[in-house]
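Structure, as structure tokens:
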Amino acid sequence: MTTDIIDRSADPADPAETTKPPPGGRGSDYAALSREVKRSGLLKRRPGYYSVKIGANLLLLAAGWTAFAMIGQSWWQLLTAAFLAVMFTQTGFIGHDAGHHQIAASKRVNNMLGRVHADLLIGLSYGWWISKHTRHHSHPNHVDRDPDIADGAIAFTEDHARVRRGPYAWLARHQAWLFFPMLLLEGLALHIAGVRALLDRTGTHAGRATKLAEAALLTAHLGGYLTAVFWVLSPLQAVCFLLVHQGLFGLYMGCSFAPNHKGMPIFGKDDKIDFLRRQVLTSRNIRGRRFTDFALGGLNYQIEHHLFPSMPRPSLRHAQELVRTFCARHDIAYHETGLFDSYAQVLRHLHAVGGPLRPELEY
């Protein structure tokens, strides 16, 4: 990394087990930006927006399941599966906002909304996701600290790729070609990871009680979901419905999160960098208008979201010009691109990471 990016001084007040950024010293760049944003009123709650958003989302989700019940045993249900995949992802976006305390002033209300939308409505563990996502926000694209670039099915660094052997090495060599097909399994992977976390018996008594409550919601979702699918459809139709629904859900979810950081600068575990630059330099915004805002759940304003995680979703677009101007004034690279170009950048990065495992001459 270049010296104009890395700050070798002590890392100030990293967020720990919270999505709130550190206040920083009064003279820090982040503190100056934070004061500008607070004066603009963009951190204020937007109860009207979220009331309409949550209400409309619930109505559309209910409409999807009502159509499912009315259509009955038919292969047209695969279209219902596609529609519900979209609605599951949109419901997940609301759970994401609740996890960042964007919706209500009360932490308890936000957590309640998060558990209902994540655990009950789409079958993902809210507690597991919060723990993982908090660590990501604290250290995005930071080796050994960001769980989103940990070594797994995909290798995000050349060091991770070099140590692979056998099938995992083959996977890393071809991961750029396999990336989007693998996202079809992302929904299943999220379900499994959440269940495994809930089965972990470690933690405090209060933590175990919360896990039990989450387990009850997840069980209610899974039981109702599978009962409805296999009750209404024939066995073959039910299996196909599950494959289409969960596959498209994982693909949509993965395509919404993938452009945010993949292919952006990665910091080594010993690198120190201040909060403002850590969040801006590792994040990528996606250009677009209201449809992009809706389709990506506000994640297209990834830079603003990472700088101010509790900022309500509809305020992010208004904060963009303020943040972009501030970054230009302080000579901080602000990266924004189109959606398809962002995917191209992600694939180029994944291809380059797998380079050490490919023959030197490729034809």
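The values are calculated or read from the model by the stated rules, or taken from the named source; none is laboratory data. Quick caveat, the model's predicted, so the values are computed rather than measured. Quick reminder, even Gly has a Cβ in these numbers, built from the backbone with ideal geometry, and neighbours come from all protein chains shown. Side chains included, ligands, DNA and RNA excluded: accessible areas come from the protein's heavy atoms. Shrake-Rupley method; radii C 1.70, N 1.55, O 1.52, S 1.80 Å.
Assorted remarks:
- Whichever residue in the stretch 83-99 is of a type in the set (S, T, N, Q) and in contact (Cβ under 8 Å) with a residue 40 or more places away in the chain and, among such residues, is nearest to K53 (Cα to Cα): Q90
- Qualifying position, being in contact with a Ser or Thr (Cβ under 6 Å, 6 or more places away or on another chain) and either surrounded by fewer than 17 Cβ atoms within 10 Å (Cβ to Cβ) or modelled with pLDDT under 95 (or both), among D29, D7, D14: D14
- Residue pairs meeting the criteria (Cβ under 6 Å; at least 6 apart or on separate chains; first farther than 15 Å from K262 by Cα, in the stretch 173-193; second of a type in the set (F, W, Y)): G187/F249
- Hey, L307 hydrophobic (A, V, I, L, M, F, W, C) and open to solvent by 10 Å² or more (accessible area, probe 1.4 Å) or not: no
- Identity of the residue in the stretch 57-80, under 22 Å from the mean Cα position of the chain (by Cα) and open to solvent by less than 50 Å² (accessible area, probe 1.4 Å), that ends up nearest to V239 (Cα to Cα): L61
- Against the test of being buried (at least 18 other Cβ atoms within 10 Å of the Cβ) and basic (K, R), the options R173, R165 yield a single qualifying residue, R173.
- Number of positions in the stretch 213-234 that are in contact with a helix residue (DSSP H, G or I) (Cβ under 8 Å, 6 or more places away or on another chain) and within 21 Å of R115 (Cα to Cα): 7
- Enumerated helices (runs of 4 or more DSSP H) restricted to the stretch 274-363, each holding at least 3 residues that are without any contact (Cβ under 8 Å) to a residue 60 or more places away in the chain: 290-295, 302-307, 313-329, 339-353
- Among (1) surrounded by 16 or more Cβ atoms within 10 Å (Cβ to Cβ); (2) farther than 30 Å from P167 by Cα; (3) in contact with a Pro (Cβ under 9 Å, 6 or more places away or on another chain) - the single one V346 does not satisfy: (2)
- Residue in the stretch 233-251 that is touching a Ser or Thr at 6+ places or on another chain (Cβ under 8 Å) and open to solvent by 50 Å² or more (accessible area, probe 1.4 Å) present: no
- In the set H137, H133, only one residue is over 14 Å from I54 (Cβ atoms), in contact with a His (Cβ under 7 Å, 6 or more places away or on another chain) and open to solvent by less than 50 Å² (accessible area, probe 1.4 Å); that residue is H137.
- Matching residues, the stretch 32-52, being surrounded by 14 or more Cβ atoms within 10 Å (Cβ to Cβ) and not in a loop (DSSP other than H, G, I, E, B): A32, L33, S34, E36, V37, Y49, Y50
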